[in-house]
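A quick write-up on the structure given underneath.
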Amino acid sequence: MALPQLIEKPQRDWLFKVTKLNSKQPERDQCLLAFFFGSACTTLEINRIQLKDVLAKSGKLTKSYTVRGAEREFYLSSERLREYLNQYLTYRVKNRIGLGNNPDQYRALDPDSALFYSYQNKPFSIVRKQTLAGSDSYSCDALNRHIKMLLKNSGIESPSVLSGRRVFAVELHRQGYDVAHIHYMLGNKTLETTQRLLTTDPIPMGAIAANAF
């Protein structure tokens, strides 16, 4: 199975710029992209984030939360991600999207609401499907289509909803972080899956040559 495209930093910077200029809801979509690239979460895990996961009753952002459907913590320590998140929450309050019953808690938002809302001001849908073996599986086709559209609009060819996790893994590995910690943050079932993402890092030959002398 082919690996998802690795979206390098210049492409990501252009993606955020295009999204800010062209999106109907740039605050939401930039925050969504920040989680896509900066959280190591799958799109389904992103879709399942609730407001109370990232926002405390006091109105301050939380430091971490447990990823729903997984047994790992995600730490909201990236200043850039926190900035996009604050901008989006301010947008939600201003536009009265998902308001709660208490104006003095959670910035007046409903703590049990989804973090990301569609253009219809409703949470992106999650669909339950039954496998041939009789077990349940869940998908978020609407959110997947939206993320692919954002990527495609910035000129990224063959957009994939798996590119965010690959970017997360490769960028940390390039900075010298060990595979064990990257593997934990990704939440992959097997170490081989994580290693495959890392051992196929397409580092440009020019970059290697530049550091040789």
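Tabulated results
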| quantity | calculated |
| --- | --- |
| Protection proxy ranking of 157-168, 15-26 - average other beta-carbon atoms within 10 Å, highest first | 157-168, 15-26 |
| Within the chain, helix-based [θ] at 222 nm, where runs of 4 or more DSSP H residues each add -39,500 (n - 2.57), nearest 500 | -14000 deg cm²/dmol |
| Relative contact order %, the chain, counting alpha carbon pairs below 8 Å whose residues are six or more apart | 24 percent |
| FRET efficiency estimate (nearest 0.05) - Cβ-Cβ, Arg80 to Met149, R0 25 angstrom | 0.65 |
| Prolate/oblate/rounded label for segment 1-51 (Cα gyration tensor, a/c 1.5) | oblate |
| Reachable lysines, given that their alpha-carbon falls under 22 Å from the alpha-carbon of Lys17 and they are not under 8 places away in the same chain | Lys9, Lys148, Lys152 |
| √(5λ) per eigenvalue of the Cα gyration tensor, segment 62-213, largest first, Å | 32, 22, 18 |
| Value of Rg to Rh for segment 1-151 (Rh from inverse mean 1/r over Cα pairs, i.e. Kirkwood) | 0.97 |
| Reachable aspartates and glutamates from Lys94, criterion Cα separation under 13 angstrom, eight or more residues apart if same chain | Glu27 |
| Whole-number accessible area per residue in Å² for the chain, which is evaluated in the context of all protein chains at 1.4 Å | 57 Å² |
| Shape call, segment 122-182: gyration tensor on alpha carbons, a/c limit 1.5 | oblate |
| Using θ = phi - 60° and Karplus 6.51 cos²θ - 1.76 cosθ + 1.60, couplings along segment 185-192 (whole Hz; Gly, Pro as x) | 5, 6, x, 5, 6, 10, 5, 4 |
| Long-range HN-HN contacts of Gly100 with modeled amide H, under 5 Å | Leu109, Asp110 |
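The values are calculated or read from the model by the stated rules, or taken from the named source; none is laboratory data. Not measured: the values here are computed from a predicted model. All Cβ positions, glycine included, derive from the backbone under ideal geometry; neighbour counts span all protein chains shown. Note: areas computed on protein heavy atoms with side chains; ligands, DNA, RNA excluded. Shrake-Rupley method; radii C 1.70, N 1.55, O 1.52, S 1.80 Å.
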